[in-house]
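Trainee: Take a look at the following structure, please.
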Amino acid sequence: MRSVTLENEVLLTSKVVPVAKTNEGALHRLNTRLLRLLLHIFLIVLGISCLFPFLWMLSTSFKEQFQVFTYPPQLLPNPWTLTGYTRIFATSPIYNWLFNSIFVVTTIMFSQLVFSSLAAYAFARLRFPGRDIIFMLYLATMMIPSQVTLIPSYILMKYLGWIDTYYALIVPFLFGSAFGTFLLRQFFQTIPTELEDAARIDGAGYLTTFLRIILPLSKPALATLGVFVFLYFWNDFLWPLIVINTNNLRTLPVGLAVISRSYFGTDWPALMAGTVISLVPILIIFFAAQRYFVQGITLTGIKG
Amino acid sequence: MSRAARQQALVGYAFIAPNFLAFLIFVAGPVVAGLFISFSEWDLLSPPKWVALQNYVDLLTNDRLFWLSLGHTIYYALLTVPAGIVISLALALLLNQGLFGTRVYRTLFFIPVVASSIAVALVWKWFYNGEFGVLNWLLSWFRIPPQNWLTNSQLAMPAIALTVIWKTMGYNMVIFLAGLQDVPQSLLEAAAIDGANSRQRFWSVTLPLLRPQLFFVLVVSLIGAFQAFDMVYVMTAGGPGNATLVYNYYIWQNAFQFFKMGYASAMAYILFLLIFVITLFQVRYLGKRAYYELG
């Protein structure tokens, strides 16, 4: 009978990988090392594949138009030029698109944080008739595909006269979403009630407790939600596409997509310049707040 | 109700008021209104005309493109969902080994997730270009002849699917990673002591414990697949010759190019029903089973 012993490879990290050592120890160790190398290579290749399209985007944005249509494709621009950028700024309202996206998204983000957290606190801590039914309703609608509300909402915008205005882009989303309220409620429920009880004893009302005690403790959750909301609305496409028809009022993704289907269709340096510009804000936020992205996704995944 | 309880209730209503009212006006209301709209013919220029179930009948019996777009979307889901789950699970397993540079890899895989679908679609559209695209050039190293990825009706959908898998694998990977970290080492060690090799440990210990994450990723991916639009809009506009016409794209065409609001709304409700049934199915057969208490 083979004797199998267990050895912990590294005791320092929280991740412990048991390695079964058999009598064929040396060969097994070689296999493990080889396997690790292969895994690294696989990961590196995949990692490069994730980075490569963006590098290509960047490099194409600095190319002359003729250089794009060469085969085999050349990675580096030769010569380097800014004409892609000048063209997109000169012949498309990308300034407006950039402003629109920033204005719309930051407005929605801050507003949603305020109203979602208020509502989430009420659902988490306050008692009022119908509370659970309403919350169930929120949860139920999270499963409804967006196409269902798309057309009626559009018609509503039309009848309110909000088509082709900032109102259509912002107002429907100003007061929070079912998802945001859900996320924050889960978080608020983890705050120990003793803190609120103590505040109550000191005579604080509900609003004061909310502002002075709950909110300061919720910074990570708020940051996570903020980042999520920003990401969602920065990249949102279908809704802004249908409610805005004036080129100047479009948001960045929509503007780029629309011109890519028309007069700019083959001007790749200019198009790539546009996409580079559209990526800069979100990438900055991503690198600055990476763990909030991961945190947010993990929270939604575990809770299902 | 006592005075304190009444006060609390009032505060509660006040706190949720903006949130809930907006919900009623912009979410719940439209859901109900959409149903009525689907029972009408409406081009927004003239008043709506009540047609009861005629839209549904027309869609199901008289519209080749309805079935085509549905079929395409199912095809698209079959291409993206299983492969996506397998790849992101594999990546999560790899990154869970505690290899050097895990943080960097995680960041790299996640960048496509935060990039807008438009930016991704545009650069990949260029990658797929038949004459000058990078993909064809890379494949030429493996002696594979150049293809017209987006203008070939057989290849267009798989091409879009590949881009989408690439874009979303980081997201699901993070979910699986979180789930993997909850798998107790003690259980794996116990299995190893009992003589299980790593493959057996994976199938018998790790995978069952990942059931909640698998369920979540499956449901979300499936719903996401039925909402595909952005990539198709930018890369192929439904072509070539309707080869990539997906359900959501056809809805958009009916509503905003043909101005058949009622018709498109009916399509949306059929989709709602479909997703509801599928999700019900998934909950029933793959849903949360009993958790085994761990020590």
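Trainee: With the requirement that a residue be under 19 Å from B:L214 (Cβ atoms), of a type in the set (G, A, S) and surrounded by fewer than 23 Cβ atoms within 10 Å (Cβ to Cβ), what does the range B:87-127 give you?
Mentor: If the condition is that a residue be under 19 Å from B:L214 (Cβ atoms), of a type in the set (G, A, S) and surrounded by fewer than 23 Cβ atoms within 10 Å (Cβ to Cβ), then B:A90 is the only one that fits.
Trainee: Given the residues A:F115, A:F110, which is the only one that is at the interface with chain B (Cβ under 7 Å from one of its Cβ atoms), farther than 21 Å from B:V32 by Cα, modelled with pLDDT of 90 or more and part of a helix (DSSP H, G or I)?
Mentor: Numbers: A:F110 fails: at the interface with chain B (Cβ under 7 Å from one of its Cβ atoms).
The unique qualifying residue is A:F115.
Trainee: Which members of the range B:128-148 meet the condition of being hydrophobic (A, V, I, L, M, F, W, C) and at the interface with another protein chain (Cβ under 7 Å from one of its Cβ atoms)?
Mentor: B:F132, B:V134, B:W137
Trainee: Can you tell which of B:D182, B:D194, B:D230 is out of contact with any Lys or Arg (no Cβ under 9 Å at 6 or more places or on another chain) and under 26 Å from B:G133 (Cβ atoms)?
Mentor: That would be B:D230, the only listed residue that is out of contact with any Lys or Arg (no Cβ under 9 Å at 6 or more places or on another chain) and under 26 Å from B:G133 (Cβ atoms).
Trainee: Moving to a separate point now. Based on this model, can you work out whether B:A161 counts as part of a helix (DSSP H, G or I), in contact with a Lys or Arg (Cβ under 8 Å, 6 or more places away or on another chain) and either under 28 Å from A:V276 (Cβ atoms) or free of Cβ contacts under 8 Å to residues at least 24 places away in the same chain (or both)?
Mentor: no
Trainee: Just to be sure, is A:T246 assigned by TED's automatic domain parsing to the domain that holds A:V148, under 27 Å from B:V27 (Cα atoms) and over 25 Å from the mean Cα position of the chain (by Cα)?
Mentor: yes
Trainee: Can you name the residue in the range B:225-262 that is touching a residue at least 40 places away in the same chain (Cβ under 8 Å), closer than 30 Å to B:V51 by Cα and of a type outside the set (F, W, Y) and, of all such residues, is surrounded by the fewest Cβ atoms within 10 Å (Cβ to Cβ)?
Mentor: B:N242
Trainee: Separate question: State all residues of the range A:260-273 that are within 8 Å of another protein chain (Cβ to nearest Cβ) and either under 20 Å from A:V105 (Cβ atoms) or surrounded by fewer than 24 Cβ atoms within 10 Å (Cβ to Cβ) (or both); if no residue qualifies, say none.
Mentor: Just the residues of the range A:260-273 that are within 8 Å of another protein chain (Cβ to nearest Cβ), to begin with: A:260-261, A:268, A:271-272.
Matches in the range A:260-273: A:R261 only.
Trainee: Return yes or no: is A:T251 touching a helix residue (DSSP H, G or I) at 6+ places or on another chain (Cβ under 6 Å), buried (at least 20 other Cβ atoms within 10 Å of the Cβ) and over 23 Å from A:V171 (Cβ atoms)?
Mentor: Spelling it out, it is not the case that A:T251 is touching a helix residue (DSSP H, G or I) at 6+ places or on another chain (Cβ under 6 Å), buried (at least 20 other Cβ atoms within 10 Å of the Cβ) and over 23 Å from A:V171 (Cβ atoms).
Trainee: In the range A:184-203, what residues are closer than 22 Å to B:I16 by Cβ and either outside the structural domain of A:A221 (by TED's automatic domain parsing) or small (G, A, S) (or both)?
Mentor: Scanning the range A:184-203 gives a single hit, A:A199.
Trainee: Additional query: Only one residue in A:T86, A:T141 is at the interface with chain B (Cβ under 8 Å from one of its Cβ atoms), of a type in the set (V, I, T) and free of Cβ contacts under 8 Å to residues at least 60 places away in the same chain, so which one is that?
Mentor: Working: A:T86 fails: at the interface with chain B (Cβ under 8 Å from one of its Cβ atoms).
Going through A:T86, A:T141 in turn, just one is at the interface with chain B (Cβ under 8 Å from one of its Cβ atoms), of a type in the set (V, I, T) and free of Cβ contacts under 8 Å to residues at least 60 places away in the same chain: A:T141.
Trainee: Among the residues of the range B:179-220, write down those that are among the aromatic types (F, W, Y), closer than 27 Å to B:L280 by Cα and more than 9 Å from every other protein chain (Cβ to nearest Cβ).
Mentor: Correct list: B:W203 only.
The values are calculated or read from the model by the stated rules, or taken from the named source; none is laboratory data. Since the structure is predicted, the reported quantities are computational estimates derived from the model, not experimental observations. Reconstructed Cβ throughout: ideal geometry from the backbone, glycine too, with neighbour counts over all protein chains shown.
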